[in-house]
Every structure is written in structure tokens, then in C-alpha cells.
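Below is one structure, written out as C-alpha cells; comments come after it.
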There are 2 protein chains.
Amino acid sequence: MSAELWLAQLHENGYRLTDARRAVVETVEKSNRALTPVEVYDMARKKYRALGLVTVYRTLEKLEELHLIQRVHQPMGCQAFISAGEGHQHLLLCQNCGQVAFFEGDDLDVLTKSIAKKTGYQISEHWLQLFGLCAKCRAN
Amino acid sequence: MSAELWLAQLHENGYRLTDARRAVVETVEKSNRALTPVEVYDMARKKYRALGLVTVYRTLEKLEELHLIQRVHQPMGCQAFISAGEGHQHLLLCQNCGQVAFFEGDDLDVLTKSIAKKTGYQISEHWLQLFGLCAKCRAN
DNA sequence: TTTGTTATTGAAAACCATTATCAATAAGTA
DNA sequence: TACTTATTGATAATGGTTTTCAATAACAAA
């Protein structure tokens, strides 16, 4: 997925293409780690100085609505966003540099069914997130 | 774990036992769903009217520090706390009534190792959370 | 028990992230 | 090119959380 495709998606859904949105989209789409609204603001302003923080919030809101980005939950906070993986994916976070990797892995069905049986719950969703060190950080 | 044990833990760690803390501890320890600071405040004030919201925040902070409670992450927010399970446990949340159930299940080792191999990450932690309907809510 | 030290308290103020308001602007269409 | 209206950034408002501070009360020691 490139920034152009994200912009096309926005346009297809009736949103206008503006310099502010272009700057935000290019920033978030390119990042391999989760960014907070303020981080996006700081970075995107290098592309478009007049950008306002409020517009960052509004644009992130729309990108999340279109499932182009997703919120990342971490012990230190849950305000950061990363470009969303395609289909059902889980996250793997580097605790040192913050880099995010995606992985598929629905070997959870067995576990899920066993838990459903034990607890009487009807399970419809799951969140799985792994934490560790990426190859680069592990080397240092 | 009873409220008395939580209070004992606080005392052992050099914290004083006060009516405010007793009210907060009894409220949180008894709940089978995650509570936000304001919810704790409202509920605990029925036991101790003079309680201040600030004290709720401070007490929750200490309980978390002692691993007696843990933060619960949900799509709608991540400010709520529930009494922590013993040892390594995962959460199962009812999307209707909010009831929380714990389960163990470290069948994740196989998955974790496979992901580590594929991605080059060294994995040290994982978060797993299931969502669904509890038996009672499923019946209605 | 009484006393003294000091952690704890609640109220108020400060803080910070997020959201709402609003007039000016500019995107997209006819 | 002109027109409609979504979008913008600045400002203000909001709401949750944290800090400040003087008064209080827990609890250890006498």
C-alpha cells in the first residue's frame, strides 16, 4: 500500500484531497513504528508547515475509519497509530526501537475453542500482541 | 484473594491503612468487571463518603505497583482496572456486561517460536485477550 | 496511653490531550 | 470560471489525570 492508494481511498469515500491530508498520509504510511498524533504533527509539518494539530486528529480519525491505520496498545500508552496490516494480522513490537512487524497466525482456534468450552463464553474476537527485540536491536 | 489480604500487602510494603484505601480496595477487589477511576470513586463513596477522586487515582497506582490489579485494554478505552489474576493469565471479556474471566493457556510457545524464527525477533512477552459473550449474556 | 513524626488526605489549581466552535479558505464539480 | 460546501487552522472548551498544599490521622516509640 502506498500513500497514493490511501489518498485514492479517501477520495473514493467522498473526502477531498488536501495538502494537509497528503502530509499526514505520507508520514503515517511511511512509518514502520506507531506514531502519536503529536509525533505525526511534528513530522508532517516538515512537509507542510501550515498543518494544524487538529487536522492531524481529524485525518487519523478518517484513516482509522477506513481501516488504513490501527491503534496500537502498549504498556506506556494507547494513543499511537500504525498502518494497518491487510486482513487479520497480529502485531509484534520491538521494545527498544518501536518497530512494528505483522504476522498472521490463527493457530488460536484450538485454544479459543478450549477456552470457550471451559468458560461457557462464546468467543468472537481476539487480540494477540507480541513484544520483544527486533533483529537489528538484538544485534546491538 | 480477599480485600484483607490486599490491605495486608499494602501494609507490608510500608503503606498506611486508611478508610479511603479500605473503601477503594473493597470496591475493586470485589468487582468482576474492570472499573475506571470514576466508577471506583462513585462506588467506593458509598462506603466512605469523604473519599476524594484523587485518592482513588493514588490508591489504584499503588495497587498496580503491587500487581494486585491490572489495566484492561479495550477498543473503547484503556483506563479501567481489574484485580489481577495469579501468575500468568489472560483475559476474556464479555462485550455485553463487561464481566472478566481469566484463563491460563500457554500453548502459545509453538506459535511464538515460529514467529521468532520467521521475523528474527527475540520474543519476551505476549498479550492475549479474548472477547465474546459470557454464558449469562448469551442466554438472553 | 500519649506523643511525635510523617504519610495521607481532599480541595483547588494546574496540566495535557482531545474535541467543539467558527469564520476563512480552497477542493471539486458544473 | 463560478459556486457549493468540505476542510482548514486558531481559539476556546472539555474532561481526565496530576500537582500543590495545608490539615489530618496512622502508627511507632516512649
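The values are calculated or read from the model by the stated rules, or taken from the named source; none is laboratory data. Because the structure is a prediction, the values reported are computed rather than measured. Please note: Cβ atoms are built from the backbone with ideal geometry, for glycine as well, and neighbour counts cover all protein chains shown.
Couple of notes before you dig in:
- Cβ separations smaller than 9 Å between residues 6+ apart or across chains give the following pairs from the stretch B:45-70 residues that are within 14 Å of another protein chain (Cβ to nearest Cβ) and within 14 Å of B:Asn13 (Cβ to Cβ) to residues that are assigned to a loop (DSSP other than H, G, I, E, B) and within 13 Å of DNA strand D (Cβ to nearest atom): B:Glu65/B:Asn13.
- Among residues of the stretch A:55-76, those that are within 11 Å of DNA strand C (Cβ to nearest atom), outside any strand (DSSP E or B), surrounded by fewer than 18 Cβ atoms within 10 Å (Cβ to Cβ) and not hydroxyl-bearing (Ser, Thr, Tyr), counted: 3
- Any chance B:Ala50 is surrounded by fewer than 15 Cβ atoms within 10 Å (Cβ to Cβ), more than 15 Å from the chain's Cα centre (by Cα) and more than 29 Å from B:Asn96 (Cα to Cα): yes
- Looking only at the stretch B:1-54, and only at residues there that are polar (S, T, N, Q) and part of a loop (DSSP other than H, G, I, E, B), the one that is nearest to B:Gln95 (Cα to Cα): B:Asn32
- Scanning the stretch A:6-40 for residues that are within 16 Å of the chain's Cα centre (by Cα) and of a type outside the set (Lys, Arg) yields a count of 16.
- Flag if B:Ala135 is surrounded by fewer than 18 Cβ atoms within 10 Å (Cβ to Cβ), hydrophobic (A, V, I, L, M, F, W, C), at the interface with chain A (Cβ under 7 Å from one of its Cβ atoms) and under 22 Å from B:Ser31 (Cβ atoms): yes
- Some residue of the stretch B:82-105 being outside the structural domain of B:Glu26 (by TED's automatic domain parsing), assigned to a helix (DSSP H, G or I), in contact with a strand residue (DSSP E or B) (Cβ under 7 Å, 6 or more places away or on another chain) and within 30 Å of A:Ala135 (Cβ to Cβ): no
- A:Leu111 meets the conditions (1) within 13 Å of chain B (Cβ to nearest Cβ); (2) not in a helix (DSSP H, G or I) in every case but one. The failed one is (2).
- Which listed residue, of A:Gln89, A:Gln79, is away from DNA strand C (no atom under 14 Å from the Cβ) and either touching a Cys at 6+ places or on another chain (Cβ under 6 Å) or within 14 Å of chain B (Cβ to nearest Cβ) (or both): A:Gln89
- Among the candidates B:Val38, B:Val25, the residue that is under 28 Å from A:Gln79 (Cα atoms) and either outside the structural domain of B:Phe131 (by TED's automatic domain parsing) or touching a residue at least 24 places away in the same chain (Cβ under 8 Å) (or both) is uniquely B:Val38.
- Output for the stretch A:2-18, where each listed residue is out of contact with any Asp or Glu (no Cβ under 7 Å at 6 or more places or on another chain), surrounded by 12 or more Cβ atoms within 10 Å (Cβ to Cβ) and not hydroxyl-bearing (Ser, Thr, Tyr): A:Glu4, A:Leu5, A:Leu7, A:Ala8, A:Gln9, A:Leu10, A:His11, A:Leu17
- Selection status of B:Glu12, within 14 Å of DNA strand C (Cβ to nearest atom), free of Cβ contacts under 8 Å to residues at least 60 places away in the same chain and over 27 Å from B:Asn140 (Cβ atoms): yes
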